[in-house]
Each structure stands twice: as structure tokens, then as C-alpha cells.
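Only one structure is covered here, and it is reproduced in the block below.
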Amino acid sequence: MRLLVLGGTHFLGRHVVDAARAAGHDVAVLTRGVSGHPPDGVRALRADRDDPLPADVLAWAPDLVVDTSCQTRAAAEHATALDPRGYAFVSSLNAYRGWPPGPLRGEDEPTWDTDDDEYGPVKAHAERVLGAAFGDRFLTARAGLVAGPHDRLHRLGWWLERIAAGGPVVVPDALDQPIALVDARDLAGWLVEVCGQASGSVNTTGPAGMTTLGGLLDTCREVTGGDAEWVVVDEAALLDAGVQPWLHLPFWLPADVAVTAWDVDTARARQLGLPSRPLHDTVADTWAWQQQAVRPAPPPGRDLPGLPPELEARLLAG
Ligand SMILES: NC(=O)c1ccc[n+]([C@@H]2O[C@H](COP(=O)([O-])OP(=O)(O)OC[C@H]3O[C@@H](n4cnc5c(N)ncnc54)[C@H](OP(=O)(O)O)[C@@H]3O)[C@@H](O)[C@H]2O)c1
């Protein structure tokens, strides 16, 4: 079938392209052409999603669409000019009005209905617009934390680099905090599989309790080798020193948020076959990619994560 990836030249999108090709689809990507070219054999269509879709895109008439690049209201509205048999949209848990902090008991919890241009409300608006246009041909994948090779957000990547450098490493006093993530390759393959076959909303992240923050960091140390030693710092000391949760210490949330934010019901995703490969594979493959690739620039306007060295030195000095 003709499968159009909206996006497709970065992280999740490029894994969707790989999965779609592996499944034997005739694949096209639609991008502005800013972030590079798709692999040979994949048709490159050019458009800015903030403008109406051009005639050549509509004329290609995809059977299936996987949308990884919708970040504006206009982009969602213009995409309704397509008429595929299946449209799989990559949304976010942030589409829920109550997340974070959550918990999320299923997919029926209320989503944002405000008109501001924040990330969550825009995703929720896009879900409504596309859902109204495509009805039971539409599936929205509300992704949690996505990780794996080609991730330009560099959250797992920062931990890997810091832990590989070895020595005393500041870690939050929250190593038993449960966390969950979805490997971009698992999500991508599943999106290609379910597009046009299933519909509605699905919380697409790893099973609750699949690991803990400590489990993830231990896996990073095992994969990178070296002599990193955890220097556990309590939450109050981290916050007093100006450490920003999630940004400075990726995946760390203060205890009162963490207790519910990682509590996400993914029963529907499991029922629809979303896989969850061993965490070790995600970490090892990300590390292998990171060592041989030039790190892609972060998306415009995004801060790179990680603990600033001077802040780390202060915390280690006690
Ligand atoms: N990472 C996470 O933990 C996480 C969690 C929840 C949800 N998500 C969602 O997962 C998706 C991530 O997908 P990704 O990794 O493939 O995306 P990405 O890194 O944001 O890549 C964006 C892609 O879209 C294209 N693009 C950007 N702006 C465009 C425009 N105005 N018109 C046409 N094309 C445009 C880019 O190509 P050009 O620059 O060449 O146009 C590129 O191919 C996003 O929708 C994100 O909201 C991510």
C-alpha cells in the first residue's frame, strides 16, 4: 500500500519509514526538506504543514498515513484534505488535561479543550479535528516517554554520556521511582501495523512498573562500562540548589508528581499488540548509535538536558 509518513527524517519518523519499508509498503515522507533526505527508495514530498497540502501530495493519494510531525492547529486542519483508509496520529500523554500529574486510568480521561498554543492543547485539538474528519479510520497514539537510537532530545543520551565518563555521579534520592518508556522502534513498527486496522485512543508507553529510575541508570552503567558511582542527593537539596526536574536530571520528577505521573494504564496498547522490548536493548542500541553518529541538533527552542557541570560540582562538594 502507499504509506505516507508526515515527518520521517528524524527520530520516531525515521523508524516509521524503516518499519513501513520492511512491511513492503510504497513509502513517501512529507517534510519541509530542512532536516535531510529520506533513504533511497522513499519518495520525498515537500510541503510546510502550516500551509495547505500541495496538489502533488494529494495526487499521490496514500492508503495509509502515519503522522509524527503535527505540532500546530493548522497542520492538523490541512491534513484533513487527505482521504486515506487509515490515519495513525502521534499524540502525547500531554493531551490529557490531568497529566501530569495523572494518574491515567485509561483513555477516557478528559483531554485539553482550550485554544492556547501549548503542546498538550494543540495535540488534543489535532486529535479532535482529525478524529472528526476520519472517524473510525483514525487512531491516536498518546505516547509517553519515547527512547532509542536517533533521539535528538538527548535525555537517555545525556545519562549515557555522563555515566560513561565515570566517577561520582549525582543521582536523585528516587532510585526506586518506577518509570516506563517505549522504544521508538517498537512504537514505529506498531503504528505501521495498526494503521487502518484499529481506531480510537491508545496510551502508548511501556507497561507501568517496567523499570525504575535506578534500574535504568544501572543498565546505563552496565552498557557503558566504567566506574561511575552514584552519589545520592535528596530532593530538597536538589531543588534548593536549583536543579530542574526532568531537564537537569532527565526522567527525574519530584516524588509528589512521580507517584502518579508514571501510573499510566496501557492495557489497550498491550491488547493491540504494542511490544516492549527489553530495556537493555534500548539502552545498548542507543549507546551504540550515539558512539558512531554525530549528535543531531536539538529541535529549535529546546534546551539540551543534563546537569550543568558547575551545578554538579557544587552538589558533589556537599
Ligand atoms: N520524544 C518523546 O518522548 C515524545 C513523547 C510523546 C510524544 N512525542 C511525539 O512524537 C513525535 C516525534 O516524532 P519524530 O521524532 O519523528 O519528530 P521530530 O523529531 O519532531 O521530527 C519532525 C519531523 O517533521 C518534519 N517537520 C517539522 N516541521 C514541519 C512542518 N512545518 N512541515 C512539514 N514537516 C515538518 C521534520 O522535517 P523538516 O524539518 O525537514 O521539515 C521532521 O521530519 C512528535 O509528534 C512528538 O510530539 C514524543
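The values are calculated or read from the model by the stated rules, or taken from the named source; none is laboratory data. Keep in mind that this is a model prediction, so the values were computed, not measured. Note that each Cβ is placed from the backbone with ideal geometry, even for glycine, and that neighbours are counted across all protein chains shown. Accessible surface is based on the protein model in full, side chains and every heavy atom, while ligands, DNA and RNA are left aside. Shrake-Rupley method; radii C 1.70, N 1.55, O 1.52, S 1.80 Å.
If the condition is being away from the ligand (no atom under 16 Å from the Cβ) and of a type in the set (Phe, Trp, Tyr), then segment 269-309 contributes only TRP287.
Yes or no: LEU64 touching a His at 6+ places or on another chain (Cβ under 9 Å), of a type in the set (A, V, I, L, M, F, W, C) and away from the ligand (no atom under 15 Å from the Cβ)?
For LEU64, the condition - touching a His at 6+ places or on another chain (Cβ under 9 Å), of a type in the set (A, V, I, L, M, F, W, C) and away from the ligand (no atom under 15 Å from the Cβ) - is met.
Where helices (runs of 4 or more DSSP H) sit wholly within segment 220-318, those with at least 3 residues that are closer than 28 Å to SER201 by Cα occupy 255-261, 267-271, 279-292.
If you check LEU130 against the conditions, is it open to solvent by less than 10 Å² (accessible area, probe 1.4 Å) and in a helix (DSSP H, G or I)? For LEU130, the condition - open to solvent by less than 10 Å² (accessible area, probe 1.4 Å) and in a helix (DSSP H, G or I) - is met. So is VAL57 within 11 Å of the ligand (Cβ to nearest atom), within 15 Å of LEU3 (Cβ to Cβ) and either modelled with pLDDT of 95 or more or touching a His at 6+ places or on another chain (Cβ under 6 Å) (or both) or not? Spelling it out, VAL57 is indeed within 11 Å of the ligand (Cβ to nearest atom), within 15 Å of LEU3 (Cβ to Cβ) and either modelled with pLDDT of 95 or more or touching a His at 6+ places or on another chain (Cβ under 6 Å) (or both).
One residue stands out among those in segment 212-222 that are within 22 Å of the chain's Cα centre (by Cα) and surrounded by 19 or more Cβ atoms within 10 Å (Cβ to Cβ): the one that is farthest from GLU161 (Cα to Cα), which is LEU213. When you go through (1) assigned to a helix (DSSP H, G or I); (2) open to solvent by less than 20 Å² (accessible area, probe 1.4 Å); (3) assigned by TED's automatic domain parsing to the domain that holds ALA20 one by one for THR140, which number turns out not to apply? Going through the list (1) assigned to a helix (DSSP H, G or I); (2) open to solvent by less than 20 Å² (accessible area, probe 1.4 Å); (3) assigned by TED's automatic domain parsing to the domain that holds ALA20, THR140 breaks only (1). Scan segment 297-304 and tell me whether some residue there is at pLDDT 95 or above, surrounded by 12 or more Cβ atoms within 10 Å (Cβ to Cβ), out of contact with any Cys (no Cβ under 7 Å at 6 or more places or on another chain) and not aliphatic (A, V, I, L, M). No, that holds for no residue. A single member of TRP262, TRP230, TRP252, TRP246 is open to solvent by 40 Å² or more (accessible area, probe 1.4 Å) and in contact with a strand residue (DSSP E or B) (Cβ under 6 Å, 6 or more places away or on another chain), and it is TRP230. The residue that is nearest to the ligand (Cβ to nearest atom), among those in segment 75-134 that are closer than 25 Å to ALA184 by Cβ and polar (S, T, N, Q), is SER92.
Does any residue of segment 164-178 turn out to be in contact with a Ser or Thr (Cβ under 6 Å, 6 or more places away or on another chain) and part of a helix (DSSP H, G or I)? Yes, segment 164-178 contains at least one residue that is in contact with a Ser or Thr (Cβ under 6 Å, 6 or more places away or on another chain) and part of a helix (DSSP H, G or I).
Looking across segment 22-53 at every residue that is aliphatic (A, V, I, L, M) and assigned to a loop (DSSP other than H, G, I, E, B), the one that is nearest to the ligand (Cβ to nearest atom) is identified as VAL34. For the residues ALA23, ALA88, ALA79, ALA19, the requirement of being open to solvent by 60 Å² or more (accessible area, probe 1.4 Å), within 23 Å of the chain's Cα centre (by Cα) and touching a residue at least 60 places away in the same chain (Cβ under 8 Å) singles out ALA23. Summed over segment 135-173, the residues that are within 15 Å of the ligand (Cβ to nearest atom) and closer than 21 Å to TRP287 by Cβ give a count of 15.
Scanning segment 187-198 for residues that are buried (at least 19 other Cβ atoms within 10 Å of the Cβ) and in contact with a strand residue (DSSP E or B) (Cβ under 9 Å, 6 or more places away or on another chain) yields LEU187, ALA188, TRP190, LEU191, VAL192, VAL194, CYS195, GLY196. Among the criteria (1) part of a loop (DSSP other than H, G, I, E, B); (2) touching a helix residue (DSSP H, G or I) at 6+ places or on another chain (Cβ under 7 Å); (3) under 20 Å from LYS123 (Cα atoms), the one LEU187 does not fulfil is (1). Taking the numbered list (1) surrounded by 14 or more Cβ atoms within 10 Å (Cβ to Cβ); (2) in contact (Cβ under 8 Å) with a residue 40 or more places away in the chain; (3) within 23 Å of ALA261 (Cβ to Cβ) in turn, ARG105 passes all entries but (1).
Which of the following residues is assigned to a helix (DSSP H, G or I), near the ligand (Cβ under 6 Å from one of its atoms), modelled with pLDDT of 95 or more and closer than 16 Å to ASP67 by Cα: GLY13, GLY8?
Of the residues listed, the single one that is assigned to a helix (DSSP H, G or I), near the ligand (Cβ under 6 Å from one of its atoms), modelled with pLDDT of 95 or more and closer than 16 Å to ASP67 by Cα is GLY13.
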